[in-house]
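The values are calculated or read from the model by the stated rules, or taken from the named source; none is laboratory data. All of these numbers come straight from a predicted model, not from anything done at the bench. Ideal geometry is used to build each Cβ from the backbone, glycine not excepted, and the neighbour counts take in all protein chains shown. Accessible surface is based on the protein model in full, side chains and every heavy atom, while ligands, DNA and RNA are left aside. Shrake-Rupley method; radii C 1.70, N 1.55, O 1.52, S 1.80 Å.
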Amino acid sequence: MLAIDGPSGAGKSTLAAEVVAGLTARGCRPALVSTDAFATWDDPVAWWPELLDGVLRPLAGGVAGAYRRMDWSTGTPRPGELVRVPVPDVLVLEGVSSGRASARPLLSHLCWLSGGSEAERLARAVERDGAAARADLARWQRFERGWFAVDGTAEAAGTRLS
């Protein structure tokens, strides 16, 4: 399992898609799971047991996993479609907190992507999510700054990219 972690707007999703495409081109069967499918503005990281019990533990046991993707279509997050995750050759887990300390024993590798300054990342995230999300994104950045400092994610990474 490869985790690609870093702050919002750093480019984790883009990098993960490139990794998955590269693995697929080499005949590997990867699966991609994003923490964005679980997190909400009000619950940035406490959803981890759902990912652990629904995806990570089953896959570690050689059994397909599943989870409910967060549905934001109404503007208010709620459980959405069921996503099935077949047992892959490589699981790419990307998103804020994907390389958290409690997950590190499960990881084959942790990649940290810093993605530039906080202002640059906020601008990219607002471009991606829309101007209406600016206040939530700024609040999220304050949260993740504290999260990463306590969790030591960047320091634990085997690969650090900017």
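The gain in end-to-end length when the Arg84 to Ala25 segment is fully stretched comes to 19.0 nm, 0.36 nm per residue minus the alpha carbon separation.
The mean accessible area for residues of the chain, using a 1.4 Å probe and ignoring ligands and nucleic acids, is 51 Å² per residue. Once both labels are positioned 7 Å from their Cα atoms along Cα-to-Cβ, the gap between Ala46 and Ala138 label points is 2.5 nm. Note on Val126 and His109: the model spin-label points, each 7 Å out from Cα along the C-beta direction, lie 3.5 nm apart.
Spread over its residues, the convex hull of the C-alpha atoms of region 24-97 is 94 Å³ per residue. Taking all C-alpha pairs of region 116-155, those more than 13 Å from each other amount to 54 percent. Only protein atoms count toward the accessible area here, which uses a 1.4 Å probe; on the chain, the carbon and sulfur part of that area reaches 56 percent.
For the chain, give me the percentage of DSSP beta bridges that are antiparallel, rounded to the nearest 5 percent.
Working: 6 of 21 bridges.
Rounded to the nearest five, the antiparallel share is 30 percent.
Of [x] 17.5; [y] 16.1; [z] 16.7, which is the value of Kirkwood radius over Cα pairs in Å derived from the coordinates here? Derived directly from the coordinates: [y].
Counting only helical runs of four or more DSSP H residues, what would the 222 nm mean residue ellipticity of the chain come to if each run contributes -39,500 (n - 2.57) and the total is spread over all its residues?
So the calculated ellipticity at 222 nm is -10000 deg cm²/dmol.
Distant-in-sequence amide contacts of Met70, defined by a placed amide H-H separation under 5 Å and a gap of 5 or more residues or a different chain, comprise Phe38, Gly80.
Using only the Cα atoms of region 63-144, build the gyration tensor, take square roots of its eigenvalues as a ≥ b ≥ c, and label the shape rounded, prolate or oblate: rounded if a/c is under 1.5, else prolate if a/b is larger than b/c, else oblate.
oblate
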